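J.: Can you keep this structure in mind? I'll have questions shortly.
Derivation of every value follows stated rules applied to the coordinates shown; laboratory data play no part. Bear in mind the structure is a predicted one, so any value in this text is a computation, not a measurement. Virtual Cβ from ideal backbone geometry, glycine too; neighbours counted across all protein chains shown.
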Amino acid sequence: MASRMNEFKEFVSRHERIKEEVRNGNRTWQSIYEDWVILGEDEFKDFRTQTKTQPSDLLNNDSVRKIVDYVKKINPDSISKTLNTVQKVLQITQGLNGTNPSRIYNADYNSWWD
């Protein structure tokens, strides 16, 4: 019996998220032990301790393919038009006020407190 309990302790140490389930009140140690004995360790795949992902794991073929597909969909002409429009709006704002647009808000704010 003691060896079986030691096996269970080792199992719990490999599956750290099981402790969280018990602490949160979602499960009891008894129910986990029974499931472990009856169903086996494979039923607890979702509870395994997560290892830190390496940068090489993050850039697998699927993720690189998704990035490339996304970049292909970008239309450089629309980006250029948007930037030109923003630039024109800033120039008009500067021309009307004779100041930098970011200073307009600060000037109004400061005069309100005076």
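J.: With bins 5 Å wide starting at 0, give me the P(r) of the stretch 2-51 over every alpha carbon pair, in whole percents.
T.: Bins of 5 Å from zero give 5, 21, 34, 29, 10, 2 percent of pairs.
J.: Would you order TRP36, TRP29 from fewest to most other beta-carbon atoms within 10 Å of each residue's own beta-carbon?
T.: TRP29, TRP36
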